[in-house]
C-alpha cells in the first residue's frame, strides 16, 4: 500500500526523470545539428597553369558552390580566388600541380596539367 508521502515522492521522481530526459533529448538534437556541418571540397581543373585566371577561378568557385548548395559572400569567393591565383603563380612546376585553399565553409582544390583531374577524384 502506497501512502501519500510515497505517492508524492514517486510523482516528484517521475517528473524529474521526464525533465531530465527532455533536457538530454534537446542537448542531443543540438549536438547532432552541429555535427552535420561539414567542410565541402570544391575543385577546378585546368589544362595549363596559365589557364587559371581570376575570372575563371571565380566562376568555377561559384559554380561548384551552387552545385553543393553552399552560400558564400562575393568577398569570400574573390579572396579565395585571389589566394588560389597567388599559390598557382608561386608553384614551381608549370607542367602539373595541385593547390588547396581552406576557408571556413569549403576547401578549394585546383589542379592543372597532368594532374588536372586530381581534385575531381
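Any read-out appearing in this document is the output of simple, stated calculations on the displayed coordinates, not a laboratory observation. Note that the coordinates shown come from a computational prediction; the quantities given were computed from them, not determined experimentally. Cβ placement follows ideal geometry from the backbone for every residue including glycine, while neighbour counts extend to all protein chains displayed.
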- Rounded to the nearest 0.05, FRET efficiency between residue 56 and residue 86 (Cβ-Cβ, R0 22 Å) equals 0.90
- Message: For the ranges 75-87, 44-56, what's the packing order if you count other beta-carbon atoms within 10 Å of each residue, average per peptide, and put the highest first?
- Response: 75-87, 44-56
- Work out how much length residue 104 to residue 48 would gain on full extension: take 0.36 nm times their residue separation and subtract the Cα-Cα distance, in nm to one decimal. 17.3 nm
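Suppose we take every Cα in the stretch 41-113 and form the convex hull; what volume per residue is that in Å³?
70
Order of 17, 43 from fewest to most other C-beta atoms within 10 Å?
17, 43
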- Computed lengthening from residue 71 to residue 17, 0.36 nm per intervening residue step minus Cα-Cα distance: 15.3 nm
